[in-house]
Amino acid sequence: MDMGVGKISSLDFSGGWGIIASGVWVDGKTMVVSVQELNGLTEDEYNAGVRWMPGYPAGFHRVSYPKPDLMVGVVFNLRSWFRIEPYAVSLVKSGFRGTKIMFVQNIDRESELNLLNLGFTPIGFSMPMGINSCHLRYVPLIDWLKDKCNLFRYVIWTDVRDVIFQSDPSVWLENHLAPHKLVGCDEGFLIKNDPMSNDLWLEIVSGHDYDWVRKEAALCTGTIAGEPKIVLELFQKMYEASKSFPAFFGLDQGLLNYVFRLSPFNEVSRVVHADESFALQACGWATHPDAEKVCKPPRFDYEEGAAYPQDSENPYTIIHQYQWVGGFGDRIIKKYVPEHKACAVIEEEPLNVARSYDGSKESRDAIVRQIRGG
């Protein structure tokens, strides 16, 4: 067995060496764990980031193992698994191996059972949600994450009903986030040229800073990612600022476009454009193709059901707002819905139980028992 520092693919797993679930975090980045011989271990069971450190006797080795990444979604007033099936199935197919949580309110039993079956942990919350209260959807994550930032490497926040994953978002962040700590994804326009409503939303929330902020790229709240502490702080600032305005659709996006440009976020963040391969916000490209853009347009492969940056053979990791592209949304549905068939509906009444989840296996098992009635 190669005991030097290297990718896990360089190791010989024929001897059945593996990691047991015990250890302590050091330096906020790595875990020191015991290693013992386990039967039936395969290379596919572990991520490529495991490193073996030399200098330890056989049977006990120091292993540097990256913290899991956290995928977060929020759904409310949901009556059909079909609406979120492409999101859930595509994330599983992408190879994402981190923690998947879904904050849920007023959703049907079938959807919760399917989320469980695909490895998500549904966490109930209770707030007055509706079309004009999207700025409140950050509150469940703020409350949940504030004492758990040290458990995760990256946090990936996306919309749910109109998002699919073409590849593992953890891989892109691992290769492209540093030296930054936070990324926002643009809609394809500068705010001042946006033919939709970003300029109006920004004007309402930015006060005297409106004239200079509107010259920046229009960011979308549907895809945000970064290190946990800075993502948490961004959402806290947005939510606190929202209390100064009447609720309206787009309030959270206006605040994102403003707060993202203020300290301490502007010093540690960058904007990802549509000519990069992380996340495509498709709406503006589909509905206003002739509007002035900040980069080249995406290209859509209708036969494959995939989207790419114009000059790249690497597909976008995330596609947001795919249903706005004529005919392409139908192709996405056909691509992802046939797999992981929905469970039989056990009951129609919505579930609004506020559940406690601390990230542990025991906590998730309790939620599983509660939802399944076991």
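The values are calculated or read from the model by the stated rules, or taken from the named source; none is laboratory data. Owing to the predicted nature of the structure, the values given are computational and were not obtained by experimental measurement. No Cβ is skipped: glycine too gets one built from the backbone with ideal geometry, and neighbour counts run over all protein chains shown.
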(request) Answer yes or no: is there a residue in the stretch 217-232 that is crowded, with 17+ Cβ neighbours inside 10 Å, assigned by TED's automatic domain parsing to the domain that holds D159, more than 19 Å from the chain's Cα centre (by Cα) and not polar (S, T, N, Q). (result) yes
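Matching residues to (1) at pLDDT below 95; (2) within 20 Å of the chain's Cα centre (by Cα); (3) among the polar types (S, T, N, Q); (4) in the same structural domain as V155 (by TED's automatic domain parsing):
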position	(1), (2), (3), (4)
R97	yes, yes, no, yes
N106	yes, no, yes, yes
R109	yes, no, no, yes
G124	yes, yes, no, yes
(message) With the requirement that a residue be of a type in the set (G, A, S) and in contact with a helix residue (DSSP H, G or I) (Cβ under 9 Å, 6 or more places away or on another chain), what does the stretch 254-273 give you?
(response) G254, S269
(request) Might you check whether a residue that is of a type in the set (D, E, K, R), more than 27 Å from S94 (Cα to Cα) and touching a Phe, Trp or Tyr at 6+ places or on another chain (Cβ under 7 Å) occurs anywhere in the stretch 211-220? (result) no
(message) Please go through the stretch 233-253 and give me each residue that is within 19 Å of L145 (Cβ to Cβ) and either touching a helix residue (DSSP H, G or I) at 6+ places or on another chain (Cβ under 7 Å) or not assigned by TED's automatic domain parsing to the domain that holds E267 (or both), ordered by number.
(response) L234, F235, Q236, K237, M238, Y239, A241, S242, D252
(request) May I ask you to list the residues in the stretch 218-248 that are touching an Asp or Glu at 6+ places or on another chain (Cβ under 7 Å) and not small (G, A, S)? (result) L219, C220, T221, M238
(request) Output the number of residues of the stretch 204-216 satisfying the condition of being closer than 19 Å to E292 by Cβ, surrounded by 13 or more Cβ atoms within 10 Å (Cβ to Cβ) and either touching an Asp or Glu at 6+ places or on another chain (Cβ under 9 Å) or of a type in the set (D, E) (or both). (result) 2
(message) Can you tell me how many residues within the stretch 144-182 are outside any helix (DSSP H, G or I) and under 30 Å from D330 (Cβ atoms)?
(response) 13
(message) Which count do you get for residues in the stretch 119-138 that are assigned to a strand (DSSP E or B) and closer than 20 Å to R79 by Cβ?
(response) 4
(request) Tell me which residues, restricted to the stretch 104-147, are of a type in the set (F, W, Y) and out of contact with any strand residue (DSSP E or B) (no Cβ under 6 Å at 6 or more places or on another chain). (result) Y138, W144
(request) Could you please let me know if P297 is assigned to a loop (DSSP other than H, G, I, E, B), of a type outside the set (D, E) and under 21 Å from the mean Cα position of the chain (by Cα)? (result) no
(request) Test S90 against the stated conditions and say whether it is under 17 Å from V155 (Cα atoms), in contact (Cβ under 8 Å) with a residue 60 or more places away in the chain, in contact with a strand residue (DSSP E or B) (Cβ under 8 Å, 6 or more places away or on another chain) and not aliphatic (A, V, I, L, M). (result) no
(message) Tell me whether the stretch 246-269 contains one or more residues that are of a type in the set (F, W, Y), crowded, with 19+ Cβ neighbours inside 10 Å, farther than 25 Å from E174 by Cβ and out of contact with any Leu (no Cβ under 7 Å at 6 or more places or on another chain).
(response) no
(message) Test of understanding: among N175, N114, which residue is polar (S, T, N, Q), free of Cβ contacts under 8 Å to residues at least 12 places away in the same chain and assigned by TED's automatic domain parsing to the domain that holds L234?
(response) N175
(request) Looking for whichever is among the aliphatic types (A, V, I, L, M), over 15 Å from the mean Cα position of the chain (by Cα), in a helix (DSSP H, G or I) and modelled with pLDDT of 90 or more here; the options are L141, L116. Which one fits? (result) L116
